[in-house]
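Okay, so here's the structure we're looking at.
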Amino acid sequence: MLSFFKGPSRIEAFSDGVFAIALTLLILEIKAPDIGEHGTSAALWAGLAHLWPSYLAYLLAFLTVLVSWIGHHIIIGQVRRVDFPLLLANGFFLLTVSFLPFPTSIVSEHLRGESGTAAMAVYALANLLNSLAFVGLVAATVHLNPETAAVLAGVRRNAVIGTGWCLICAGVAYLSPVVSLLMVAALWVWWIRPQRAEG
């Protein structure tokens with residue numbers, strides 16, 4: 001059967017470009033402390049220390065994009081056939097990845113304030129959306145390439161667990177934004193461990 005789509009190489013090239021841009025945008029959200037022209041070294045050190053939510057949010061968002069890239073690499077490495085639904089699923093997944101710098105900037109700005117609860121809830125829900133998009137990408141891949149089901153079973157299960165965990169994190173944000181942020185961090189520590197194919 002003839003197909004308009006000639007394999008996964010262009011998906012991989014385009015996706016890698018999106019991942020690279022998303023990672024670059026993350027660091028741009030960390031601004032140098034404003035201590036004035038005559039600020040002292042002590043003031044600069046204090047200003048840098050005051051930015052700890054920005055560092056933590058950047059680290060977590062970097063890990064999110066990194067783990068997303070690793071998962072995407074695993075998926076695309078198994079793809080032999082490409083169709084329009086798979087391209088759409090991949091596009092939606094990349095949409096959620098490229099969105100991550102925005103909630104990261106919200107957390108870095110508002111975590112310590114009265115709006116920290118809402119900021120962390122938005123961050124957790126953005127990660128939930130990313131997990132859901134990953135589940136959809138796996139489903140589209142397995143539907144078109146059934147032979148990938150065993151290899152992708154573990155990453156699909158992790159993504160499903162991630163959606164539930166991120167929903168819990170969004171709820172915990174209303175009790176403690178910092179605890180919620182640490183719970184998101186725990187998820188990425190879990191996900192970044194080595195994966196094995198099943199079956």
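The values are calculated or read from the model by the stated rules, or taken from the named source; none is laboratory data. Just so you know, these numbers come straight off a predicted model, no measurement behind them. All Cβ positions, glycine included, derive from the backbone under ideal geometry; neighbour counts span all protein chains shown. Side chains included, ligands, DNA and RNA excluded: accessible areas come from the protein's heavy atoms. Shrake-Rupley method; radii C 1.70, N 1.55, O 1.52, S 1.80 Å.
Please state the shape class of region 119-199: rounded when a/c is under 1.5, otherwise prolate if a/b exceeds b/c and oblate if not, all from the C-alpha gyration tensor. Because a/c hits 1.5 or more and a/b exceeds b/c, region 119-199 counts as prolate. Spherically averaged projected area of the convex hull of Cα atoms, the chain: 12.7 nm². Considering helices alone, the calculated mean residue ellipticity of the chain at 222 nm is -26000 deg cm²/dmol, with DSSP H runs of length four and up weighted by -39500 (n - 2.57) and normalised per residue. In the full protein context, region 56-199 carries 45 Å² of accessible surface per residue, based on a 1.4 Å probe and ignoring ligands, DNA and RNA.
If you wrap the Cα atoms of region 70-120 in a convex hull and average its projected area over all directions, you get 4.5 nm².
Taking 0.36 nm per residue of sequence separation and subtracting the Cα-Cα distance, how much length would be gained by fully extending the chain between residue 59 and residue 38, in nm to one decimal? If you can, show how the numbers build up before the last one.
On the way: separation 21, 0.36 × 21 = 7.56 nm, distance 3.07 nm.
Here the answer is 4.5 nm.
In the chain, the longest principal axis of the Cα atoms and the axis of helix 149-172 are about 30 degrees apart. Spin-label pair residue 52-residue 21: with each label point 7 Å from Cα along the Cα-Cβ axis, the two points sit 3.5 nm from one another. Using only alpha carbons, region 57-174 has a radius of gyration to Kirkwood radius ratio (Rg to Rh) of 1.03. For residue 62, the accessible surface of its heavy atoms amounts to roughly 70 Å² (probe 1.4 Å, protein chains only, rounded to the nearest 10). For the chain, the carbon plus sulfur part of the accessible surface works out to 71%, probe radius 1.4 Å.
The angle between the Cα long axis of helix 41-50 and the longest principal axis of the Cα atoms of the chain comes to about 50 degrees, rounded to the nearest 10. Within the chain, what's the longest run with no trypsin sites (Lys or Arg not before Pro) in a DSSP loop and at most 15 other beta-carbon atoms within 10 Å? Give the range, please. Here the longest segment lacking exposed loop sites spans 113-195.
The mean of 1/r over all pairs of different alpha-carbon atoms in region 35-74, once inverted, gives a Kirkwood hydrodynamic radius of 12.2 Å. For the options 150, 124, 140, a Gaussian network treatment of the chain with springs between C-alpha atoms closer than 10 Å singles out 150 as fluctuating the most. When 52, 188 are compared by accessible area at a 1.4 angstrom probe, the order from most to least is 52, 188. Comparing 27, 35, 76 in a Gaussian network model of the chain, where Cα atoms under 10 Å apart are tied by springs, the biggest mean-square fluctuation is seen for 35.
Only Lys, Arg, Asp and Glu carry charge here, each on its Cβ (+1 for the first two, -1 for the last two); on that basis the chain has a dipole of about 620 debye about its Cα centre. In the chain, the longest principal axis of the Cα atoms and the axis of helix 52-78 are about 10 degrees apart. Its Cα gyration tensor gives region 1-107 an equivalent ellipsoid. The semi-axes, each the square root of 5 times an eigenvalue, are 40, 11, 10 Å from largest down. Toward the positive end of the charge dipole of the chain, with +1 on the Cβ of Lys and Arg and -1 on the Cβ of Asp and Glu, the farthest Cα among 48, 139, 173 is that of 139.
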